[in-house]
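Down below is the structure, laid out as structure tokens.
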Amino acid sequence: MIDRRKFLKKAIWFIPAAGLFRHFVKEGHAKPATEGYDPANHLYGMGIDIDKCIGCGRCVEACKTENNVPKEPFFTRTWVERYTIKKDGSVEVENIESRKGKVGEKTTEADVLRSFFVPKLCNQCEHPPCVQVCPVNATFSTEDGVVLVDSKRCIGCRYCIQACPYGARYLHPETRTADKCTFCYHRIVKGLLPACVEVCPTQARIFGDLRSMASRLVRFKRTKRIHVLKAHLNTEPKVYYGNLDGEVR
Amino acid sequence: MNRELLERLAEHLNEVTGFIYPNEVEIHWSILVVVYPYITGLVAGAFILASLVQVFNVKEVQPTYRLALLTALAFLIIAPLPLLLHLGHPFRSYEIFLTPQPKSAMAMFGFVYLWYLMAVLLLELWFEYRKDLVVWSNEAIFPMNWIYRTLSFFSTDISERAVAFDHKAIKIITLIGIPSAFLLHGYVGFIFGSVKANPWWSSVLMPLVFLMSAIVSGIALVVFLYMVIAPLRGEGVDMRCLDRITSFLFYAVIVDFTLEGLDFIHRLYQSEESIKILSRLVTDKLFISLWVIQIFLGMLVPLGIMIAVKSLNFNAELRRLFYFTTVILIQLGIFATRWNVVIGGQLFSKSFRGLTTYKMEVVGIEGLIAALGLLIAPFIILAVFLKIFPASETAEAKEALSS
């Protein structure tokens, strides 16, 4: 007969063992995203050509439709900011979504020094703070360089939302789990472009594989002056901005 | 979709000044996340007070020893609830134990909590009460005698040797318990202090500030409870005990105040990119809760009162009145401290270009009523504990004290 002490000792091992068992069961079920697709051969990134963005907002619309993002302006995977830098040095920033229906603006052209649009999205960081803080490993980096959220494992604690320096995450009001841009992972593994890139009328968004010298993104990085957002935080974003203004955060 | 949520967010949007990222309209960590560090702080503080008796041999504080331990336990039982209620998927919370992410500060919460509950608090309480449980199980009538017998794990040995072993065990557990209590609350500070994306939180001093404010609030709570419960039990308040504890409280408040001051000066002096938005935050959004409640009412006034009590010769009744006022003000101040950290850290945009507002729900899971319920629940649990395990000193302890 097993005595009480031995039983308790063995029972303690049950907790990590159950965890490991579950882990292997989950891994065992994991299937490759697409037949013949090897994530080890890719590393995805996006370029944003500031000079080309006209602020039409079609990327935002396409993203919301493609990825079942709520239409309300409080939840978004991508958005476009409009910067107006005036001659007196003041800076005005607006989300173009919130500009809809606005009339009667008083800014005259003579006061404006320069104005431009900045599309924003998850930066798919090389050192993502969101992945670091997730208590249950629901948010993770893939081998091909994309940060994803497993909505079946996310507990909705929102620590990742707090940890993201770019405001790129939100809590999906229907699933009650964290949500963010995935570079349209379901599309890119099939060789398609992310929805926002596909619809951009001016090719301001450039999607590509950093491992392929022939990709448009690699060429874009070679020919433009490149900036990433909040570089001092050392998150090493994989969204590269061409000709970015110093006012943009 | 949740219409109420959308209406609330639309309202928030109207309150925004300047520019914030679109996903920042929703305040993600609500009043429940304020309650959580407040409660864990009380646990850690109450335990530290209890350990004064055991480790540092401060005999005057003995009358509050058991009360402090039971208070810590009552609050520790409730501590994970606000977090649990706040989750989008509370039923998945077990994932923290099954598939933990060791790099995540939050994942470690479960382990630190379990360690503290099982290895420290329950164990120390068991050894402390074992002898009494054995005695009560013989004296009490059914069903209480069986409850006591079960809780003592059917131990019957109250020989001198066995009781001496209990005392030794308590000492060792307390020695492990102090760093554990520090860990419990220091790590809560780390959860916030390690978020580099948020300049209001990101500070290496955060765990220390949390720890000191925890000690302050925990001691103040036990003083409050002692002053309420002792007369109810028909015992007088032991003024020697009270003077001694409030003296510790005084020094703890000074250290806490110094640390917070240091943090403030450091930020001001470094004057980083975020300084403009943070100064707007503290002068506009947090004016009442930071300057008026946390600093003036929660720190300066109590400090003033305690200095007056120390330097002037008040009689016992007046001292009691002053102490009582002080501990209530301190509780208010520490709650405001937690509010200012948790809510304050979400009121400005990470673009550093705008501020938003937090409008607390009244009903609903993340509302005011739920928060009040969670704050009252530990007192009810404590009342039950005190009924089952009277905290009055044993004859033995009284003897030891008088000798």
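The values are calculated or read from the model by the stated rules, or taken from the named source; none is laboratory data. Keep in mind it's a predicted model, so treat the numbers as computed, not measured. A quick note on method: Cβ atoms are made from the backbone with ideal geometry, for glycine too, and the neighbour counts reach across all protein chains shown. What goes into the accessible areas is simple: the full protein's heavy atoms, side chains included, and nothing from ligands, DNA or RNA. Shrake-Rupley method; radii C 1.70, N 1.55, O 1.52, S 1.80 Å.
Observations on the model:
- Entry remark, region A:136-176: residues being among the charged types (D, E, K, R) and at the interface with chain B (Cβ under 7 Å from one of its Cβ atoms) number 5 in total.
Listed here are the residues, each with its yes/no results for (1) in a loop (DSSP other than H, G, I, E, B); (2) of a type in the set (V, I, T); (3) surrounded by 21 or more Cβ atoms within 10 Å (Cβ to Cβ); (4) in contact with a Lys or Arg (Cβ under 6 Å, 6 or more places away or on another chain).
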{"residue": "B:I328", "(1), (2), (3), (4)": "no, yes, no, no"}
{"residue": "B:R338", "(1), (2), (3), (4)": "no, no, yes, no"}
{"residue": "B:L374", "(1), (2), (3), (4)": "no, no, no, no"}
{"residue": "B:S392", "(1), (2), (3), (4)": "yes, no, no, no"}
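- Taking region A:219-249 as the range and being open to solvent by 20 Å² or more (accessible area, probe 1.4 Å) and under 17 Å from A:G145 (Cβ atoms) as the test, the residues that pass are A:K221, A:I226, A:V228, A:N234, A:E236, A:Y240.
- Taking the numbered list (1) over 29 Å from A:R211 (Cβ atoms); (2) at the interface with another protein chain (Cβ under 7 Å from one of its Cβ atoms); (3) open to solvent by 40 Å² or more (accessible area, probe 1.4 Å) in turn, A:Q132 passes all entries but (1).
- The helices (runs of 4 or more DSSP H) found entirely in region A:178-226 that carry 1 or more residues being over 19 Å from the mean Cα position of the chain (by Cα) and among the polar types (S, T, N, Q) are A:216-223.
- Here the condition is being free of Cβ contacts under 8 Å to residues at least 40 places away in the same chain and within 14 Å of another protein chain (Cβ to nearest Cβ); of B:L151, B:L87, it holds for B:L87 alone.
- Just one of the listed residues (B:F352, B:F324) is under 20 Å from B:M299 (Cβ atoms) and open to solvent by 10 Å² or more (accessible area, probe 1.4 Å), and it is B:F324.
The rows are residues; the columns are (1) crowded, with 18+ Cβ neighbours inside 10 Å; (2) without any contact (Cβ under 8 Å) to a residue 60 or more places away in the chain.
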position	(1), (2)
B:K171	no, no
B:P179	no, yes
B:F182	yes, no
B:S194	yes, no
B:W201	yes, no
B:P207	yes, yes
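- Of the residues making up region A:58-98, those that are in contact with a strand residue (DSSP E or B) (Cβ under 6 Å, 6 or more places away or on another chain), open to solvent by less than 20 Å² (accessible area, probe 1.4 Å) and not hydrophobic (A, V, I, L, M, F, W, C) number 5.
- Region B:1-28, subset more than 12 Å from B:K359 (Cα to Cα) and buried (at least 20 other Cβ atoms within 10 Å of the Cβ), residue farthest from the other protein chains (Cβ to nearest Cβ): B:I20
- Qualifying residue in region B:233-240 (condition: part of a helix (DSSP H, G or I) and either surrounded by 17 or more Cβ atoms within 10 Å (Cβ to Cβ) or under 21 Å from the mean Cα position of the chain (by Cα) (or both)): no
- The residues of region B:340-359 that are over 23 Å from the mean Cα position of the chain (by Cα) and either within 12 Å of chain A (Cβ to nearest Cβ) or without any contact (Cβ under 8 Å) to a residue 60 or more places away in the chain (or both), listed by number, are B:F348, B:S349, B:K350, B:S351, B:F352, B:R353, B:G354, B:T356.
- Complete set of residues in region B:94-117 that are open to solvent by 20 Å² or more (accessible area, probe 1.4 Å), part of a helix (DSSP H, G or I) and within 11 Å of chain A (Cβ to nearest Cβ): B:I96, B:F97, B:L98, B:M108, B:F109, B:F111, B:L114
- For region A:180-208, the candidate set comprises residues that are touching a Phe, Trp or Tyr at 6+ places or on another chain (Cβ under 6 Å) and open to solvent by less than 20 Å² (accessible area, probe 1.4 Å); within that set, the residue that is farthest from the other protein chains (Cβ to nearest Cβ) is A:V189.
Conditions tested, residue by residue: (1) aromatic (F, W, Y); (2) closer than 30 Å to B:I20 by Cβ; (3) surrounded by fewer than 17 Cβ atoms within 10 Å (Cβ to Cβ).
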| residue | (1), (2), (3) |
| --- | --- |
| B:I254 | no, no, yes |
| B:L259 | no, no, no |
| B:H266 | no, yes, yes |
| B:S274 | no, yes, no |
| B:L286 | no, yes, no |
| B:Q294 | no, yes, no |
